[in-house]
């Protein structure tokens with residue numbers, strides 16, 4: 001029977017404190033926005049590669065840890081992976097950044113899996129490598145009966161890292177790297193996703209406020225990642241062009 005992977009997108013959309021500091025456009029990125037996006041793509045990759053998957057927190061609510069763990073244990077999951085974005089400090093931007101991976105202290109299989117997954121997770125976008133670490137206090141590692149790993153993909157409280165966490169490309173990269181790591185751990189071939197073919201002649205509709213604001217959030221991340229005044233001015237100009245195109249007031 002195909003291996004069953006329990007996928008945990010850390011926290012919930014409204015978990016207190018689990019978000020970036022304020023972005024230039026006045027918004028925040030909730031940690032679960034990143035976690036959930038990566039978890040959904042990881043689920044797709046794993047199913048394509050022949051795994052069965054078990055989302056242990058399938059709603060936007062902050063499902064209690066004991067409920068997530070009980071679901072995975074009761075279902076007989078073969079592996080538990082918990083996806084997170086890290087944070088440091090008391091709410092402001094700071095210099096802590098990078099990627100780290102945790103397993104339960106003393107778990108030989110947890111260590112083996114963590115080392116494989118971390119190698120894949122750090123093989124793409126250059127980020128400080130904070131290494132593979134042990135923890136005896138994380139419930140999802142301590143109380144699960146199968147090998148378990150918790151990944152911290154970048155820091156929400158660092159401007160450069162936050163720009164990545166907001167990026168759809170980085171989210172997709174993390175999901176694929178986690179899938180490749182799990183495939184290697186279970187000695188299963190990774191099946192590459194077939195490229196989608198765009199239909200010729202498709203014409204999109206007018207720019208909506210929703211679409212414009214999605215793009216503006218990426219511009220805000222780029223704004224944060226540079227101290228060059230000319231670049232920041234250009235990002236502001238582009239954001240206002242999008243607001244105009246979507247019928248919103250400029251700022």
For region 1-121, diffusion coefficient by Stokes-Einstein and Kirkwood Rh (Cα), 37 °C, 0.692 mPa s, µm²/s: 208 µm²/s
Rg(Cα)/(2.2 N^0.38 Å) for region 1-67, N = residue count: 1.30
Where labels lie 7 Å past Cα in the beta-carbon direction, separation of residue 48 and residue 160 in nm: 3.0 nm
Cβ crowding within 10 Å averaged over residues, with 125-133, 142-150 ranked highest first: 142-150, 125-133
Acute angle (nearest 10 degrees) that the helix 31-48 long axis makes with the longest principal axis of the chain, alpha-carbon atoms: 60 degrees
Mean shadow area of region 144-190, taken as a quarter of the surface of its Cα convex hull (nm²): 4.2 nm²
Residues 155, 88 arranged by fewest to most Cβ contacts within 10 Å: 88, 155
Pairs of Cα atoms farther than 21 Å apart, region 50-139, %: 45 percent
Per residue, the convex hull volume that the Cα atoms of the chain enclose (Å³): 147 Å³
Per-residue Cβ neighbour rank within 10 angstrom, fewest leading, 153, 8, 49: 49, 8, 153
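What's the Kirkwood radius of region 125-251 in Å, using all Cα pairs? It would help to have the intermediate numbers written out before the result.
Working: mean 1/r = 0.0540 Å⁻¹.
Roughly 18.5 Å, rounded to one decimal.
If r is the Cβ-Cβ distance from residue 25 to residue 184 and R0 is 35 Å, what FRET efficiency results, to the nearest 0.05? Spell out each step's value before the answer.
Values: r = 40 Å, r/R0 = 1.13.
After rounding, the FRET efficiency stands at 0.30.
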With Cα atoms, 0 to 90° folded angle of helix 229-245 axis to the chain main axis: 80 degrees
Distance between modelled label sites at residue 139 and residue 214, nm, 7 Å Cα→Cβ extension: 3.4 nm
Cα-based helix-to-principal-axis angle, 209-224 vs the chain, degrees rounded to 10: 80 degrees
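Per the helix-only calculation at 222 nm, which mean residue ellipticity applies to the chain, given -39500 (n - 2.57) for every DSSP H run of n ≥ 4 and division by its residues, nearest 500 deg cm²/dmol?
Rounded to the nearest 500, the figure is -13500 deg cm²/dmol.
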Sorted by Cβ neighbour density within 10 Å, fewest at the top, the residues 160, 33: 160, 33
Ranked by how many other beta carbons lie within 10 Å on average, peptides 51-63, 166-178 from highest: 166-178, 51-63
Computed label-point distance, nm, for sites residue 234 and residue 129 using a 7 Å Cα→Cβ extension: 3.3 nm
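Throughout, read-outs are computed from the coordinates displayed, never taken from laboratory work. Predicted model only: the values in this text are computed from it and were never measured. Neighbour counts run over all protein chains shown; Cβ positions are idealised from the backbone, glycine included.
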